[in-house]
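What follows is a set of notes on a single structure, which appears directly below.
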Amino acid sequence: MTRISFQDEIRRNKIKSVLMMAVIFIFFILLGFVISLALDPSYFFIIMIIATIFSLSYLLISYYNSDKIALASVKAKPADKVKHREFYIAAENMALASGLPTPRLYIMESSEINAFASGRNPQNAVICMTTGSLNKLNKQELEGVIAHEMAHIANYDMRFMTITAVMVGLISIIAQIFLRSLWFSSMGNNNRDGKIQVILIILGIVFAILAPLVANLVSLAISRRREYAADATGVKFTRYPPGLANALKKIKTEHISEKERKHISSKALAPLFISDPFKRKISGLFATHPDIDERIRRLNSM
């Protein structure tokens, strides 16, 4: 088996994440260019102002309250230092290994193995574990999962994914405003030949429909890359790949009923978790997480 360096894995996935972010930005610029051709450029400036106000409002609310929103959504409670002693010890060990402050620790009632991290920076970070994780994972597996979540914190993934979400949101808002504005024919640029104008508007419609879809697919690809990077960074902290690999094996083989999964109300939170809490059989372009077998394979190769 070819060995994989976790340093190379971290660097490679970070580079790919940045390149994918650049793709989203390019789509944003292209959408603006196409709309400015189809409509009066000054009107596009108005669209930009409206979209920017909406997106910045979303950024401020979600970025500064991400931990509160996520914890409230899953009805998490603060972990007890006595009752959840293993959780605290593992988190403190990984904080020492990573050189980060120990995050605030929370517990969510669920029999499945899962966890997530949130917070705008290491000083305001939280890690939330399911009760199933504490009951089913041994010491090395628990440390592996916590190291993965500490890696998200160390890599500022919440900040990165928030910026990505804002860019995707901007593209979606601009596309929607453009499509709705076509009801008002007076907004078009009447200085061009009629046929050219029609072609530009059709081009604008096609791009306004496709751009948000492509941007969202790229955003999902970024999410998958951040998971690979967190796996590799977690190995950097623990120096023990089998810990996380064995935890992922348990996640893969466990069977949780729909009734037991009712603790999560919003699918928007799914990318935060170490594995898709809804256990949706989605693979490829539309998946929020990488294939779990591939994650295990990479970990076993480190």
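Assorted remarks:
- Residues of segment 132-173 classified as of a type in the set (S, T, N, Q) and under 14 Å from P122 (Cα atoms), total: 1
- Hits in segment 1-40 - residues which are among the aromatic types (F, W, Y) and within 29 Å of L179 (Cα to Cα): F25, F27, F28, F33
- Checked against (1) touching a residue at least 24 places away in the same chain (Cβ under 8 Å); (2) within 30 Å of E92 (Cα to Cα), V168 passes all but condition (2).
- Looking across I127, I113, one residue alone is crowded, with 24+ Cβ neighbours inside 10 Å and either at pLDDT 95 or above or among the charged types (D, E, K, R) (or both). It is I127.
- Residue match in segment 33-41 (condition: closer than 26 Å to G144 by Cβ, outside any helix (DSSP H, G or I) and hydrophobic (A, V, I, L, M, F, W, C)): no
- Scope segment 269-293; condition in a loop (DSSP other than H, G, I, E, B) and at positive phi; matching residues: K279
- In the set (1) at pLDDT below 90; (2) more than 29 Å from N300 (Cβ to Cβ); (3) not hydrophobic (A, V, I, L, M, F, W, C), the condition left unmet by K83 is number (1).
- Flag if I107 is of a type outside the set (K, R), touching a His at 6+ places or on another chain (Cβ under 8 Å), closer than 19 Å to A147 by Cβ and surrounded by 12 or more Cβ atoms within 10 Å (Cβ to Cβ): yes
- Scoring F28 on the criteria (1) touching a residue at least 60 places away in the same chain (Cβ under 8 Å); (2) more than 29 Å from I292 (Cα to Cα); (3) more than 20 Å from the chain's Cα centre (by Cα) leaves a single failure, condition (3).
- Matching residues in segment 69-101 - criterion: being crowded, with 17+ Cβ neighbours inside 10 Å, part of a loop (DSSP other than H, G, I, E, B) and not hydrophobic (A, V, I, L, M, F, W, C): H84
- Scanning segment 101-115 for residues that are more than 21 Å from the chain's Cα centre (by Cα) and either more than 24 Å from I256 (Cβ to Cβ) or of a type in the set (F, W, Y) (or both) yields P101, T102.
- Residue list for segment 130-151, filter: of a type in the set (A, V, I, L, M) and either part of a helix (DSSP H, G or I) or surrounded by fewer than 21 Cβ atoms within 10 Å (Cβ to Cβ) (or both): L134, L142, V145, I146, A147, M150, A151
- Filter result for A117 (among the small types (G, A, S), closer than 29 Å to M21 by Cβ and outside any helix (DSSP H, G or I)): yes
The values are calculated or read from the model by the stated rules, or taken from the named source; none is laboratory data. Quick caveat: nothing in here was measured; it's all calculated off a predicted structure. Glycine gets a Cβ as well: all are built from the backbone with ideal geometry, and neighbour counts include every protein chain shown.
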